[in-house]
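Read the structure below first, then the notes.
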Amino acid sequence: MLVELAAANAAFQVIKTAIKNGGEIVSAGQALLEYFNNKSKLQEKVESKPEHKRNDLEEFLALEQLKKQEQELKELMIYNGRPGLWDDWQSFQVKARQQREAEHRQQLKDKLDKKAKRDRVIQDMLLTFWVLVLILVVVGCISGAIYLTLEYQ
């Protein structure tokens, strides 16, 4: 959690510096992506952590710091960026989140498909083994019957 928070803080400082030096908000595009990716990772970690392992105050303060930074970033985009930049950025975030979720779902699907394929191979091998055992038993019974028939004639 601290790694993501530190990365988000560093990206935020790059964004602020770029804007204060008279640069366009667009020139800090990579830092913006890093900031929001780390923010998402931090939120996911907080949500996925079991209740008994949570440090509520630390998590609350980290998320509160990110909210404050995002509000400051919103103001920077509104006052120093082009008209509608904040709205465009929010819609970009939604699309990026949807894409990340789709990629995650695809990875899970691929894992499940791989496991299902492995399970099918194992089932096929077991079926082949038992068919061979059955054939050997049948052949053994037939040859035993033939042997006994020839022996008693």
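The values are calculated or read from the model by the stated rules, or taken from the named source; none is laboratory data. As the structure is a prediction and not an experimental result, all values here were calculated from the model. Heads up, the Cβs are rebuilt from the backbone with ideal geometry, glycines too, and the neighbour counts pull from every protein chain shown.
Yes or no, residue by residue, for (1) surrounded by 10 or more Cβ atoms within 10 Å (Cβ to Cβ); (2) among the aliphatic types (A, V, I, L, M); (3) modelled with pLDDT of 95 or more:
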position	(1), (2), (3)
56	no, no, no
60	yes, no, no
66	yes, yes, no
96	yes, yes, no
135	yes, yes, yes
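Considering the conditions (1) assigned to a loop (DSSP other than H, G, I, E, B); (2) more than 22 Å from residue 30 (Cα to Cα), residue 141 is excluded by exactly one of them, (1). Only a single item in (1) surrounded by 12 or more Cβ atoms within 10 Å (Cβ to Cβ); (2) modelled with pLDDT of 80 or more is not met by residue 87, and it is number (1). Among the residues of region 5-18, is any within 21 Å of the chain's Cα centre (by Cα), at pLDDT 75 or above and among the aromatic types (Phe, Trp, Tyr)? The answer is no, given that none of the residues of region 5-18 is within 21 Å of the chain's Cα centre (by Cα), at pLDDT 75 or above and among the aromatic types (Phe, Trp, Tyr).
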